Structures are given as C-alpha cells and as structure tokens.
Amino acid sequence: ELYSLLRVDNRVFFGGGFQKVNGETKPMLAAWNIKERKLDPWNGNFAIAGSNFVTGLYQADGQLYAGGNFATVGGETHTNVVKFNLETAKVDSLFTATANTNVRSFFKTTNNELYISGDFTNINGLGDRAYLGVVNPSTGVALSQVYT
C-alpha cells in the first residue's frame, strides 16, 4: 500500500503500509533517487508493528514531517507525527507533537506555524484540536486553537 509521495530535489519520498522495498527493510517510509534511478539509502527507521502506515509527508526548511498511524520511530516514541532531518534521516527528538490517531497532511505558514490535519480528535492531548491543529514547527508545542 502506498499512500503518499513527495518530491524533494532528486529524491521522491513515499509513505505507506509497506515493510520492504525491493527486498530492503524500509518500513512505511522510503526514498527513491531519481538521478541514480535506484532506492536511496535514506531510512526513517519506523518500528515494524501490525498495520501501521505513513499517510502524509511534508518538507520545509530542510526538515521532513511524516504523519500516519505509528508509535515508534528511530527507537523513540513519536505518536502519529514525527520530524526528520531531511539529509540525515535522523529523528528530531525536540519535536514532541502527538496526535491520538491518523495524521494525513501538513502545511507550514510564513508565520512559523505548522498546520496538521487528519482523523485525530486531539493534538498533544488537547481535545479542542479535532481534525486540525497548529504546532510550533521546531518544538511541536501546540499553538492557539484553530477553531471552536
């Protein structure tokens, strides 16, 4: 299953419910090198667990945000939303946003706000953030309520 595609320079990132790509273990998120026409070594290191998946990808300022239904990435707890360094694939441990279920899409504004949308009913435990939340793109801390 493939749910999302995102082109960044010479790579196409793709997310879904897969565990392997071309025989390589690349659970839920992988990259294809367009220029070299082969699988990129980039690996988000999502923990393989049941029917988890990545449904949303977004790139901003050298960072890659991924959303979906998952709990562990790079050996750390990241509940349904995670941020990576785009070049190194290292998880940003300082980004602490969480959602109680599926995250599907992102958008960063010029005001340094990261909008997150999906099937969730809360962001960072705040129940008034159903389906749409706004967080600080660096820290994941929830910002003002979007709507009531």
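Which aspartates and glutamates, on any chain, are close to LYS108 with Cα under 15 Å apart, when same-chain ones fewer than 8 places away are left out?
Counting by Cα, and skipping residues close in sequence, LYS108 has these aspartates and glutamates nearby: ASP61.
Cα to Cα, under 25 Å, and not fewer than 8 places away if on the same chain: which lysines meet these conditions relative to LYS38?
Filter leaves LYS20, LYS26, LYS83, LYS90.
Which shape class, rounded, prolate or oblate, goes with the range 68-141 when its Cα gyration tensor gives a ≥ b ≥ c as root eigenvalues, a/c under 1.5 marks rounded, and past that a/b bigger than b/c marks prolate?
Taking the square roots of the gyration eigenvalues as a ≥ b ≥ c, the range 68-141 is oblate.
Do you know the relative contact order of the range 107-148, to the nearest whole percent, from alpha carbon pairs under 8 angstrom that are 6+ apart?
Result for the range 107-148 is 33 percent.
Could you work out how much longer the chain between ASN43 and THR139 gets when fully extended? Use 0.36 nm per residue separation minus the Cα distance between them, nm to one decimal.
Residue separation times 0.36 nm, minus the Cα-Cα distance, leaves 32.3 nm.
Determine which residues of the range 77-109 fall in the zone a paramagnetic label at LEU132 would reach in this model, i.e. backbone nitrogen under 17 Å from the point 7 Å along Cα→Cβ.
103-109
Given the options ALA89, ALA66, ASN33, identify the residue whose Cα lies farthest towards the positive end of the charge dipole of the range 26-90 (+1 on Cβ of Lys, Arg; -1 on Cβ of Asp, Glu).
ASN33
Arranged from highest to lowest average of other beta-carbon atoms within 10 Å per residue, in what order do the peptides 53-61, 89-97, 33-41 appear?
53-61, 89-97, 33-41
Report, largest value first, the span of the C-alpha coordinates of the range 1-43 along each principal axis, in whole Å.
If we take the Cα atoms of the range 1-43, the spans are 24, 20, 13 Å.
Just the accessible area per residue of the chain, please: how many Å² with a 1.4 Å probe?
About 49 Å² of surface per residue is accessible.
The values are calculated or read from the model by the stated rules, or taken from the named source; none is laboratory data. Computed from a prediction, not measured in an experiment: that's the story for all the values here. No Cβ is skipped: glycine too gets one built from the backbone with ideal geometry, and neighbour counts run over all protein chains shown. What goes into the accessible areas is simple: the full protein's heavy atoms, side chains included, and nothing from ligands, DNA or RNA. Shrake-Rupley method; radii C 1.70, N 1.55, O 1.52, S 1.80 Å.
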